[in-house]
1. Give the cysteines in the protein assembly as shown for which no other Cys Cβ lies under 4.7 Å away, or write none if there are none.
2. May I ask you to give the percent of accessible area on the range A:4-113 that is carbon plus sulfur, with a probe radius of 1.4 Å?
3. Given Cα pairs under 8 Å that are at least 6 residues apart, what percent is the relative contact order of the range A:4-113?
4. What is the magnitude of the charge dipole of the range A:4-113 about its Cα centre, with +1 placed on the Cβ of each Lys and Arg, -1 on the Cβ of each Asp and Glu, and no other charges, expressed in debye to the nearest 20?
5. Using a probe radius of 1.4 Å on heavy atoms only, what accessible surface per residue do you get for the protein assembly as shown? Whole Å² is fine.
6. For the protein assembly as shown, what size does the Cα cloud have along each of its three principal axes, sorted from largest down, in whole Å?
7. Hey, if you put +1 on the Cβ of every Lys and Arg and -1 on every Asp and Glu Cβ in chain A, which of A:GLY84, A:THR7, A:SER48 ends up farthest toward the positive end of that dipole?
8. I'd like the projected area of chain A, averaged over all directions, using the convex hull of its alpha carbons. Report it in nm² with one decimal.
Amino acid sequence: DTAVSQTPKYLVTQMGNDKSIKCEQNLGHDTMYWYKQDSKKFLKIMFSYNNKELIINETVPNRFSPKSPDKAHLNLHINSLELGDSAVYFCASSYYGTSGNEQYFGPGTRLTVT
Amino acid sequence: AQTVTQSQPEMSVQEAETVTLSCTYDTSESDYYLFWYKQPPSRQMILVIRQEAYKQQNATENRFSVNFQKAAKSFSLKISDSQLGDAAMYFCACETSGSRLTFGEGTQLTVNP
């Protein structure tokens, strides 16, 4: 059984388009995250939701909007895509708190903007 | 804010040998955890080992162990008896309040047969 799933795994689109990436976890975790991994493999947190409430919102362009319909789902919508948005986007989930809980990552979505 | 630094962009090791990957971090928080994650070519992020900052004893998971030096803010990963399957990008990470996980730049490990 897949713990954290993301769809799609690959996404190729043109500049200016709007796209969404979906994430679902079946681990019963209360917190979900979006990370961006750039071309140099650097991983950086973008957003975090705890029980549908936004708790981490890093300096990310307003074109990026996360949506959490319930604690098992966290989607990422991107408006007016730019070349610099090309990256791998990872969804992750865990239990909340500074307690050493492992964050479980999805397989990633490779977004290519042409 | 916390920072995590991995000063070795690339490392290589012979199969069955031992290799150590370096990591330093900086945080103003007293309660934090440290992790090593592995990312093979499949892209999947896999937890290798974790360390509680309040514990002096170094964590060990089979062939993987850490050298945690709290005063020096150093957290290195030792891989013993390296195997071909250990080849991957390794990320050091620090978790602080609110489950905020900050990653280092990564070290690409090559295992030579």
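1. Isolated Cys, the protein assembly as shown: B:CYS94.
2. In the range A:4-113, the share of accessible area belonging to carbon and sulfur is 48 percent.
3. 37 percent
4. 240 debye
5. Per residue, the protein assembly as shown has an accessible area of 48 Å².
6. Over the protein assembly as shown, Cα extents along the principal axes are 49, 39, 33 Å.
7. A:GLY84
8. Result: 6.8 nm².
The values are calculated or read from the model by the stated rules, or taken from the named source; none is laboratory data. Model, not experiment: these values are computed from the prediction. For neighbour counting, all protein chains shown are included, and Cβ atoms are generated from backbone atoms with ideal geometry for every residue, glycine included. Accessible surface is based on the protein model in full, side chains and every heavy atom, while ligands, DNA and RNA are left aside. Shrake-Rupley method; radii C 1.70, N 1.55, O 1.52, S 1.80 Å.
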